Amino acid sequence: MPEHQNTEYKSNWHEDYLKWICGFANAQGGVIFIGKDDDGNIVDVKRYKKLMDDIPNKIRNAMGITVEVNLHKEDKKHFIEIVTLPYSVPISLRGRYYYRSGSTKQELTGNSLNEFLLKKSGKTWDDVIEPRAVFDDIDEASVAKFLVMAKEKGRLTEVDGISTEQLFDKLRLVESGQLKRAALVLFGKDPGKFYPGIYVRIGRFRDELDLIFQESEEGNIINLYQAVLNQINHKFIIKNITFEGMHRIETPEYPREAMREAILNALVHRNYMGAHTQIRVYDDKITFWNEGSLQSPLTVESLKQSHSSRPRNILIADVCFKGGLIDAWGRGTVKIIETCKQAALPEPEITERDGGLLVTLFKKDVGINVGINVGINVGISSDEIRNKFGKEIITTLNLIAQNPEYTAEQITKITGKTSRTIERHITKLKEAGIIVRRGSKKVGYWEVKIKTTEG
């Protein structure tokens with residue numbers, strides 16, 4: 001039987017295996033077999049009588065815990081079984097903390113250690129009092145916005161006419177009259193004053209290393225998720241344009257619901273003492289990354305199907321649920337996958353990377369912006385434009401159609417093309433009578449000239 005999350009096979013005893021035992025005690029417990037190879041075959045252990053005395057004493061002296069040590073014999077070969085139960089208090093080995101995650105042992109340091117110690121004490125990061133904060137640090141407009149959202153969803157009752165202090169007490173955002181960290185993250189006027197890494201950075205990349213331009217958004221969660229979504233839609237992605245007769249229809253490159261869920265997932269479940277949330281936009285995909293590994297026993301595979309909700313920030317998640325922002329049943333990642341499938345897009349990728357969770361959405365047509373796709377009752381189609389001028393000009397025309405106020409300089413910045421290339425695109429489109437400039441260069445706008453024909 002191969003090794004798995006709660007089992008280790010070792011041919012001989014080594015002092016270093018105390019770290020594995022410490023990791024089991026801090027996680028879900030586990031078993032170490034001494035005298036078995038990696039495949040679970042018995043190789044026999046020498047000096048088993050001495051080890052049966054030494055191992056329990058070493059564990060007790062080094063960590064102050066007791067384990068079950070059993071001697072077994074099969075086919076005249078001996079092996080030792082060390083059974084470690086999970087402990088509700090944090091266990092250290094010579095001042096260091098270890099944790100069993102998946103099939104590996106890791107030493108907990110920095111933010112991971114702080115989070116672990118809080119969890120063992122029955123707290124989460126957001127459930128801790130922020131002594132520097134007062135109610136004047138709370139944005140009342142955000143509170144009012146939340147109340148409207150909560151009433152619409154029917155998830156919060158008896159809130160008419162109550163004060164912010166009373167509401168926060170109802171939401172468990174205060175303790176002994178003092179604000180908790182969750183209150184600042186959710187409703188703070190300037191949560192970045194307390195937690196510098198709270199902002200979201202959005203970058204437009206040509207490839208993994210070539211950043212074209214970037215923007216940042218910051219603020220409390222009630223406002224931030226919408227601000228980030230608007231920023232992405234306005235500056236970073238292109239809406240595909242179709243026409244039914246004279247009616248213009250805009251379709252985003254990625255389902256709005258999938259992007260909304262990905263943003264909220266990154267904000268609600270992130271480690272707020274770690275790095276800022278990062279969103280990267282490429283020609284063929286968009287990625288959402290937040291620091292904070294999955295809460296055990298969740299795995300990447302379990303996120304792709306119905307799973308229990310195990311939020312890192314319990315208070316933040318609860319308030320967002322009551323406000324109708326998220327589902328309390330762990331369906332956020334499932335919704336992302338389902339909405340992309342419904343839009344005929346490739347299945348999103350969900351991976352653990354760099355101590356956090358990375359969600360990637362892919363375009364249908366990799367590397368090519370669909371552009372303006374006019375219907376049968378329109379006098380010119382995107383195929384005709386592409387055949388006559390090349391596929392790159394479709395991106396320029398698409399941006400002009402969506403954002404008539406854009407200047408050549410703005411289009412250059414968004415696409416990453418040279419100003420000379422964009423000016424050439426514009427000149428060709430003007431000469432072909434496809435676009436016309438109305439007004440001055442600074443305050444004017446573009447008009448896309450599309451003529452209807454008889455059906």
statement: Per the filter on region 11-43, residues more than 17 Å from Leu93 (Cβ to Cβ) and either in a loop (DSSP other than H, G, I, E, B) or of a type in the set (D, E, K, R) (or both) are Ser11, Asn12, Gln28, Gly35, Lys36, Asp37, Asp38, Asp39, Gly40, Asn41, Val43
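I need the full set of residues from region 89-128 which are within 19 Å of Arg270 (Cβ to Cβ) and of a type in the set (A, V, I, L, M, F, W, C), in order please. Give the derivation first.
First pass over region 89-128, keeping only residues within 19 Å of Arg270 (Cβ to Cβ): 101, 108-119, 123-128.
Leu108, Leu113, Phe116, Leu117, Leu118, Trp125, Val128 - these are the residues of region 89-128 that are within 19 Å of Arg270 (Cβ to Cβ) and of a type in the set (A, V, I, L, M, F, W, C).
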query: What about Asp75, is it acidic (Asp, Glu) and touching a Pro at 6+ places or on another chain (Cβ under 7 Å)?
result: no
- prompt: When residues of region 142-195 are filtered for being modelled with pLDDT of 95 or more, out of contact with any Ser or Thr (no Cβ under 9 Å at 6 or more places or on another chain), assigned to a loop (DSSP other than H, G, I, E, B) and basic (Lys, Arg), how many remain?
  reply: 1
query: Just one of Phe79, Phe24 is surrounded by 15 or more Cβ atoms within 10 Å (Cβ to Cβ) and either closer than 26 Å to Leu298 by Cα or in contact with a Leu (Cβ under 7 Å, 6 or more places away or on another chain) (or both); which is it?
result: Phe24
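Go over the candidates Leu345, Leu298, Leu294 one by one and state the one that is in a loop (DSSP other than H, G, I, E, B) and over 29 Å from Gly110 (Cβ atoms).
The match here is Leu345.
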query: Has region 50-72 got any residue that is touching a residue at least 24 places away in the same chain (Cβ under 8 Å) and of a type in the set (Ser, Thr, Tyr)?
result: no
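Checking the structure you have, find out if any residue of region 361-380 is at pLDDT 75 or above, of a type in the set (Lys, Arg) and crowded, with 18+ Cβ neighbours inside 10 Å. Break it down into steps so the answer makes sense when it comes.
Here is the first cut: in region 361-380, the ones at pLDDT 75 or above are 361-363.
With of a type in the set (Lys, Arg) added as a condition, the list becomes 363.
With crowded, with 18+ Cβ neighbours inside 10 Å added as a condition, the list becomes 363.
Yes, region 361-380 has at least one match.
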- prompt: Could we say that Lys428 is at pLDDT below 80 and of a type in the set (D, E, K, R) here?
  reply: no
query: Of all residues in region 138-179, which are without any contact (Cβ under 8 Å) to a residue 12 or more places away in the chain, within 30 Å of the chain's Cα centre (by Cα) and exposed (fewer than 14 other Cβ atoms within 10 Å of the Cβ)?
result: Ala141, Ala144, Val148, Gly154
- prompt: Considering only region 102-115, how many residues are in a strand (DSSP E or B) and buried (at least 19 other Cβ atoms within 10 Å of the Cβ)?
  reply: 2
query: Counting only residues that are touching a residue at least 40 places away in the same chain (Cβ under 8 Å), under 19 Å from the mean Cα position of the chain (by Cα) and surrounded by fewer than 23 Cβ atoms within 10 Å (Cβ to Cβ), how many does region 180-203 have?
result: 6
- line: When region 204-225 is checked residue by residue, the ones that are surrounded by fewer than 16 Cβ atoms within 10 Å (Cβ to Cβ) and out of contact with any strand residue (DSSP E or B) (no Cβ under 9 Å at 6 or more places or on another chain) are Asp207, Leu209, Asp210
- prompt: Within the group Lys73, Lys58, Lys46, which residue is of a type in the set (Lys, Arg), farther than 27 Å from Gly355 by Cβ and in a loop (DSSP other than H, G, I, E, B)?
  reply: Lys46
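The values are calculated or read from the model by the stated rules, or taken from the named source; none is laboratory data. Note that the structure is predicted; figures quoted are calculated from it, not measured. Here the Cβ is made from the backbone with ideal geometry for all residues, glycine too, and neighbour counts use every protein chain on show.
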